[in-house]
Amino acid sequence: MPASDKEFVGSIPELYDRLLVPMIFEPYARDLAQRAKAIGPRDLLETAAGTGAVTRALSAALGHDTRIVATDLNEPMLERAKSRMPDAADVRWRQADALNLPFDNASFDVVACQFGAMFFPDKPKGYSEARRVLKPGGRFLFSMWDRIEANEFADVVTQALAEVFPADPPRFLARTPHGHYSADPIRADLLAAGFSKIEIDTVREQSRANAPHDPAIGFCQGSPLRGEIEARGGIGLDAATEHAASALARRFGKGAIEGRIQALVITAVA
């Protein structure tokens, strides 16, 4: 995975939070929060919190009886998350690497991670760290995007950009967010990390946007895909984004649009 796949900088956190979070992340944030609520944790660690979609859902679902520690490797994303929850007394924010967590063994009842494990450069190490900080019998709840073909907006944007840059198509979305969906390797890595009772659910949702430009801007300018587009030069970021928006309009219409999204949601017992 190129280092640029983890660069959530500049205007990316704001665009990501404003456009992508309600469009694709919030449905799964609510799902993960309800799964955590059913466990009833007193101490919960969130890794790869991003701009706080799951943090907000967890805080609302669990209430003040649960102490939440929300972490992310990327400080600009974490700052955006903190700005959305300035009065959250139940949440403690901390910059931290999910592969080297600054917490004692057996500190948490639940570790939650929404769509972050795909970015781990060493996934077995990330799973082992989650296992280390969990109490015996604790749960690791996390989600991974399914194949890009099952996530229609992302797939159309990727195909559109391949038309703009045929010699070297930007592949961030297919390579990283949608590149780690095979259940067997996930299960094997979790077992090797010491987890048991692993459940992998396929969860289908609908993605909604007010107009085709919203997912085009969200993906092309509010994710690390932006860096790939800019590095190629040529027609430029704005024109590439416009081409993606036109492709989305042809596929889904020019007004409010909907498309399928699909993810794997995994529960593993420490």
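The values are calculated or read from the model by the stated rules, or taken from the named source; none is laboratory data. All values reported here derive from a predicted model rather than from experimental measurement. Remember, those area values only see protein heavy atoms, side chains included, never the ligands or the DNA or RNA. Shrake-Rupley method; radii C 1.70, N 1.55, O 1.52, S 1.80 Å.
Things worth noting here:
- Out of every Cα-Cα pair that the chain contains, those further apart than 36 angstrom amount to 12 percent.
- Rounded to whole Hz, the Karplus (6.51, -1.76, 1.60) HN-Hα couplings of the range 264-270, x for glycine and proline: 9, 10, 10, 10, 10, 9, 6
- Within straight-line cross-link reach of residue 135, lysines at Cα separation under 22 Å, skipping those fewer than 8 residues along the same chain: 37, 123, 125, 197
- Backbone geometry of the range 66-73 corresponds, through the Karplus equation with coefficients 6.51, -1.76 and 1.60 at θ = phi - 60°, to 3J(HN,Hα) couplings of 9, 8, 10, 10, 9, 10, 7, 6 Hz, x marking Gly and Pro.
- The string of couplings for the range 101-107 from the Karplus curve (6.51, -1.76, 1.60, θ = phi - 60°) is 6, x, 9, 5, 4, 6, 9 Hz, one whole number per residue in order, with x for Gly and Pro.
- Hits among lysines - C-alpha to C-alpha of residue 82 under 20 Å, sequence gap 8 or more where chains match: 6
- Share of carbon and sulfur in the accessible heavy-atom surface of the range 1-148 [1.4 Å probe, %]: 48
- Residue-normalised accessible area of the chain, given per residue in Å² at a 1.4 Å probe: 42
- Rg/Rg_globular for the range 173-270, with Rg_globular taken as 2.2 N^0.38 Å and Rg from C-alpha atoms: 1.41
- Across the chain, the mean sequence separation of Cα contacts (distance under 8 Å, 6 or more residues apart), normalised by length, yields a relative contact order of 23 percent.
- Binning the C-alpha pair distances of the range 87-130 at 10 Å intervals from 0 yields a P(r) profile of 23, 55, 20, 2 %, listed from the shortest bin outward.
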